[in-house]
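S.K.: I'd like to ask some things about the structure below.
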Amino acid sequence: MTSLSQILLGWLGLNVLAWLLSVLVFRAWARSVRWTENGLMPDAVPFTAGEGSDAVLFVHGFHDVPAVWRRFVEPFVEKGFQVEALHLEGLGDGRMGLWFDFPLLRWQQAVTARVNALAKNHRRVFLVGHSMGGALVLDAVYRHDR
């Protein structure tokens, strides 16, 4: 018969092996990426497109990057908007995937800072977020000074 301590020890051992395997896979993947000078994957670099009196700020979701918004940009630019895709710290860089600290407060501050900066130079600022980015957008709307 198997004792509870043997079951727990086996469970712990399998979890340690799974973690080690994920570390090895992540490191192999990270070596295959061509990182930018600032330590980001090329798709994680934030971008701005267009000019206009109104702005649209796109905020990506967890474990995603600003490039997910690329196909949405052109229609807004054609309508006369300035479009920005924000990069959230720690996502799309060499730190993601291992000991990620989930810097929610810094993400909230980054979204709020961008909204405030855009609001100074634009008549209206529209916010679009996906998944966790949507939650950050709702948080920014709720906390934004009017």
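S.K.: Return the sequence-ordered ³J(HN,Hα) values of the range 107-116 in whole Hz as given by the Karplus equation 6.51 cos²θ - 1.76 cosθ + 1.60 applied to θ = phi - 60°, using x for Gly and Pro.
M.R.: 5, 4, 5, 5, 5, 4, 4, 5, 4, 5
S.K.: If you don't mind, another one. Whole number in Å², please: accessible area per residue of the chain, 1.4 Å probe, ligands, DNA and RNA not counted.
M.R.: On a per-residue basis, the chain sits at 65 Å².
S.K.: If you don't mind, there's one more thing I want to ask. Whenever you get a sec, line up GLU84, GLU74, GLU89, GLU37 from highest to lowest accessible area (probe 1.4 Å, protein heavy atoms).
M.R.: Heavy-atom accessible area, descending, gives GLU37, GLU74, GLU89, GLU84.
S.K.: Based only on Cα atoms, what Rg/Rh ratio does the chain have, Rh being taken as Kirkwood's radius?
M.R.: 1.15
S.K.: Follow-up question, since we're still on this one. Rounded to two decimals, what is Rg over Rh for the range 31-115 when you use alpha-carbon atoms and the Kirkwood radius?
M.R.: 1.00
S.K.: Counting only protein heavy atoms, what percent of the accessible surface of the chain is carbon or sulfur at a 1.4 Å probe?
M.R.: Carbon-and-sulfur percentage of accessible area, whole number: 61.
S.K.: For labels at THR112 and VAL33 in the simple 7 Å Cα→Cβ model, what's the distance in nm?
M.R.: 2.8 nm
S.K.: Can you tell me, using C-alpha contacts under 8 Å and at least 6 residues apart, the relative contact order of the chain as a whole percent?
M.R.: Relative CO of the chain lands at 26 percent.
S.K.: Which ³J(HN,Hα) values, rounded to whole Hz and listed in residue order, are derived for the range 42-50 from phi using the Karplus coefficients 6.51, -1.76 and 1.60 in 6.51 cos²θ - 1.76 cosθ + 1.60 with θ = phi - 60°, glycine and proline given as x?
M.R.: Those phi angles translate into x, 6, 8, 5, x, 9, 10, 9, x Hz.
The values are calculated or read from the model by the stated rules, or taken from the named source; none is laboratory data. Predicted model only: the values in this text are computed from it and were never measured. Don't worry about glycine lacking a Cβ; one is built from the backbone with ideal geometry, like all the others, and counts go over all protein chains shown. Ligands, DNA and RNA are excluded from the accessible area calculation, which covers all protein heavy atoms including side chains. Shrake-Rupley method; radii C 1.70, N 1.55, O 1.52, S 1.80 Å.
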